[in-house]
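Shown next, in structure tokens, is the structure this report addresses.
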């Protein structure tokens with residue numbers, strides 16, 4: 001049974017998730033995407049638990065059972081500090097275990113931001129990024145970008161719609177409940193949107209500041225070529241800067257949709273989860289014995 005715990009109460013209640021796992025040998029911290037919540041990764045957590053990999057996560061501000069205006073996962077500084085608290089919880093509850101930070105979609109944008117600027121990024125043994133928000137498939141016009149930037153200054157918590165078609169996410173078996181799940185919503189705040197755009201651009205251009213804490217750590221980036229939400233070409237561009245890193249790998253899943261861990265109309269995404277598992281098991285036992 002999933003155990004919920006409170007990461008913070010003031011000024012906004014942020015709730016964490018401790019997914020069941022017997023005799024954990026590694027930890028994976030999950031940062032979810034816009035409009036969803038940590039519970040949508042329960043299937044992945046269950047598969048990883050079979051290999052003694054403990055999954056910990058949280059509902060971002062404005063998502064799931066955490067408080068806040070729906071979709072308002074901002075300001076970014078506070079979100080990165082929430083991740084500090086999640087990591088602190090995990091390393092105190094399960095000391096001495098290899099730990100990986102995983103982020104999907106907007107959570108990929110956030111996890112990459114944390115990899116470069118996070119206070120505790122040096123405590124991670126590796127990073128896994130899935131279909132990150134670096135470049136969107138539908139380009140944002142200059143006029144819209146400037147409008148969102150201005151709106152983020154004047155009305156940072158104002159909601160705008162960010163709905164997506166569940167058929168663009170992955171295998172219907174896993175994504176059909178998305179539309180009727182009351183913890184899922186179709187909103188993003190102006191400030192959250194602007195910060196996502198801004199960080200995404202800096203990631204693609206290689207201009208995001210880097211505190212050096214996570215350099216040369218094992219790093220896996222994955223994206224589906226059938227993604228209709230986040231453009232895998234932006235991810236490829238970002239990855240160019242790491243081409244010479246021995247512990248970096250870019251994996252493009254042919255025809256997979258946005259939620260690569262949920263595959264596409266034919267695939268279940270289990271191969272992606274196996275890739276994630278293999279990455280973490282190598283951290284547990286580098287010799288593969």
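The values are calculated or read from the model by the stated rules, or taken from the named source; none is laboratory data. On a predicted model such as this, the values are computed, not experimentally measured, just so you know. Every residue, glycine among them, receives a Cβ derived from its backbone with ideal geometry; neighbour counts consider all protein chains shown.
If a residue has to be outside any loop (DSSP other than H, G, I, E, B) and in contact with a strand residue (DSSP E or B) (Cβ under 8 Å, 6 or more places away or on another chain) to count, how many in the range 153-195 make the cut?
Start the filter on the range 153-195 by keeping residues that are outside any loop (DSSP other than H, G, I, E, B), which leaves 153-154, 159-161, 166-168, 172-178, 187-195.
Within this subset, residues satisfying the condition of being in contact with a strand residue (DSSP E or B) (Cβ under 8 Å, 6 or more places away or on another chain) are 159-161, 187-190, 193.
So the count comes out to 8.
For the range 82-96, the set of residues classified as closer than 23 Å to residue 218 by Cα and either surrounded by fewer than 16 Cβ atoms within 10 Å (Cβ to Cβ) or in contact with a helix residue (DSSP H, G or I) (Cβ under 8 Å, 6 or more places away or on another chain) (or both) consists of 83, 87, 88, 91, 92, 95, 96, listed by residue number. Here's a check for you: in the range 258-275, which residue that is in contact with a helix residue (DSSP H, G or I) (Cβ under 7 Å, 6 or more places away or on another chain) and part of a helix (DSSP H, G or I) is nearest to residue 227 (Cα to Cα)? Applying the filter and picking the extreme gives 260.
Whether any residue in the range 126-136 is part of a helix (DSSP H, G or I), within 30 Å of residue 266 (Cα to Cα) and touching a residue at least 60 places away in the same chain (Cβ under 8 Å) is what I want to check.
Filtering the range 126-136 for residues part of a helix (DSSP H, G or I) gives none.
Checking the range 126-136: not a single residue is part of a helix (DSSP H, G or I), within 30 Å of residue 266 (Cα to Cα) and touching a residue at least 60 places away in the same chain (Cβ under 8 Å).
State all residues of the range 48-78 that are surrounded by fewer than 20 Cβ atoms within 10 Å (Cβ to Cβ), touching a strand residue (DSSP E or B) at 6+ places or on another chain (Cβ under 9 Å) and not in a loop (DSSP other than H, G, I, E, B); if no residue qualifies, say none. Result: 49, single match.
Give the range 1-18 a look and list any residue that's touching a residue at least 12 places away in the same chain (Cβ under 8 Å) and not in a loop (DSSP other than H, G, I, E, B), or say none.
Narrowing the range 1-18 to residues touching a residue at least 12 places away in the same chain (Cβ under 8 Å): 1-5, 7-8, 12-18.
Those that are touching a residue at least 12 places away in the same chain (Cβ under 8 Å) and not in a loop (DSSP other than H, G, I, E, B): 3, 4, 5, 7, 8, 14, 15, 16, 17, 18.
Could you go through the range 139-153 and let me know if any residue there is in contact with a helix residue (DSSP H, G or I) (Cβ under 6 Å, 6 or more places away or on another chain) and in contact (Cβ under 8 Å) with a residue 60 or more places away in the chain. Checked against the condition, which is being in contact with a helix residue (DSSP H, G or I) (Cβ under 6 Å, 6 or more places away or on another chain) and in contact (Cβ under 8 Å) with a residue 60 or more places away in the chain, the range 139-153 yields no hits at all. The set of residues from the range 28-47 being within 24 Å of residue 187 (Cβ to Cβ) and part of a helix (DSSP H, G or I) comprises 38, 39, 40, 41, 42.
When the criteria are applied in full, residue 129 fails the requirement of being within 18 Å of residue 73 (Cα to Cα) and within 21 Å of the chain's Cα centre (by Cα).
Per the conditions (1) within 20 Å of residue 133 (Cα to Cα); (2) over 16 Å from the mean Cα position of the chain (by Cα), the sole criterion not satisfied by residue 272 is (2).
Tell me, please, whether a residue that is within 26 Å of residue 28 (Cα to Cα) and in a loop (DSSP other than H, G, I, E, B) can be found in the range 99-115.
Our first condition is that a residue be within 26 Å of residue 28 (Cα to Cα); within the range 99-115, this holds for 99-115.
Going one step further and asking which of them are in a loop (DSSP other than H, G, I, E, B), we end up with 105.
Within the range 99-115 (the criterion being within 26 Å of residue 28 (Cα to Cα) and in a loop (DSSP other than H, G, I, E, B)), the answer is yes, since at least one residue qualifies.
Within the range 162-183, not a single residue is in contact (Cβ under 8 Å) with a residue 12 or more places away in the chain, over 28 Å from residue 28 (Cβ atoms) and crowded, with 16+ Cβ neighbours inside 10 Å. Within the range 205-242, the set of residues being closer than 29 Å to residue 277 by Cβ, in contact with a helix residue (DSSP H, G or I) (Cβ under 9 Å, 6 or more places away or on another chain) and in a helix (DSSP H, G or I) comprises 234, 235, 237, 238.
On the given criteria, is residue 154 over 16 Å from the mean Cα position of the chain (by Cα) and farther than 23 Å from residue 36 by Cβ?
Working: over 16 Å from the mean Cα position of the chain (by Cα): yes; farther than 23 Å from residue 36 by Cβ: yes.
Judged against the criteria, residue 154 is a match.
To keep it simple, each residue is scored yes or no on (1) at pLDDT below 95; (2) closer than 27 Å to residue 48 by Cα; (3) in contact with a strand residue (DSSP E or B) (Cβ under 9 Å, 6 or more places away or on another chain).
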residue: 206; (1), (2), (3): no, no, no
residue: 209; (1), (2), (3): no, no, no
residue: 221; (1), (2), (3): no, yes, yes
residue: 226; (1), (2), (3): no, yes, yes
residue: 234; (1), (2), (3): no, no, yes
residue: 237; (1), (2), (3): no, no, no
residue: 250; (1), (2), (3): no, yes, yes
residue: 272; (1), (2), (3): no, yes, yes
